[in-house]
1. Out of the total accessible area of the range 53-159 (probe 1.4 Å, heavy atoms of protein only), what percent is carbon and sulfur?
2. Can you give me the Rg/Rh ratio for the range 64-116, using Cα atoms for both radii and the Kirkwood formula for Rh?
3. For the range 1-141, build the charge dipole from Cβ charges (+1 Lys, Arg; -1 Asp, Glu) around the Cα centre, then report which of P2, F103, I29 sits farthest towards its positive end.
4. Using only the Cα atoms of the range 9-76, what semi-axes does the equivalent ellipsoid have when each is the square root of 5 times a gyration tensor eigenvalue? Give whole Å, largest first.
5. Let me check I have the definition right: for the chain, take the eigenvalues of the Cα gyration tensor, multiply each by 5, take square roots. What are those semi-axes in whole Å, largest first?
6. Give me the net charge of E150's neighbourhood, meaning all other residues with Cβ under 12 Å from the Cβ of E150; Lys, Arg count +1, Asp, Glu -1.
7. In the neighborhood of D48, defined by Cβ-to-Cβ distances under 13 Å, what is the net charge if each Lys or Arg adds +1 and each Asp or Glu adds -1?
8. On each of the three principal axes of the Cα atoms of the range 47-92, give max minus min coordinate, whole Å, ordered largest first.
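The values are calculated or read from the model by the stated rules, or taken from the named source; none is laboratory data. Since we're looking at a predicted model, the values are computed, not measured. Heads up, the Cβs are rebuilt from the backbone with ideal geometry, glycines too, and the neighbour counts pull from every protein chain shown. Each accessible area value is taken on the protein alone, full model and side chains, heavy atoms only, with ligands, DNA and RNA left out. Shrake-Rupley method; radii C 1.70, N 1.55, O 1.52, S 1.80 Å.
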Amino acid sequence: DPKTVGALAATQLAILAARDSQPELKDEIRKNQGIQGLLELLKSKEQDRIDGAIVALSFLSVNNADCCNTMFDCGVLPYLVKCMSSDIDGLRAASAQTARNIFILGLNQRKEFMRLGGITVLVSLLAPPTKNIDKPESWYTPLEAIYHIEDLIVIQAIL
């Protein structure tokens, strides 16, 4: 629920980045320093700004290696690893997915993810949910964590 102008801006970028029918919008956001702007929101103490930035970065990272490389080069990864420990399940999941989209790009990205303690945090996402355990969606984050760990292992094994 955006309460600040920064969070509203991040939400609008997320909406644009989510348009599957217009993938070129992701590149426009990247070329116009949008990722750097979202990084500034991640540095904020305002939770709505952080939430909005994570959602936007998540959408920007889907099927766009250029955006993921820019995120890595800008230094987004430490903030993603930090947000993977959030109390908010959706924030944990979106952060982990975005980190995964970055660490699959190459050895440097995987090494940095590991250096930041990303593997430990990723494994912690395997913990069973504590609320609504009867609802299938409560198990999505642990299930996705399994896929991310598999990607990390398979990619590392290929090299």
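1. Values: 3280 of 5590 Å².
C and S atoms contribute 59 percent here.
2. Values: Rg = 10.4 Å, Rh = 10.9 Å.
Answer for the range 64-116: 0.96.
3. F103
4. Numbers: eigenvalues 64, 36, 16 Å².
Equivalent ellipsoid of the range 9-76: 18, 13, 9 Å, largest first.
5. Details: eigenvalues 108, 80, 41 Å².
Sorted largest first and rounded, they come to 23, 20, 14 Å.
6. -1
7. On the way: positive: K3, K45, R49; negative: D1, E46, D51.
Within the 13 Å Cβ shell, the charges total 0.
8. Principal-axis extents of the range 47-92 (Cα, largest first): 30, 18, 16 Å.
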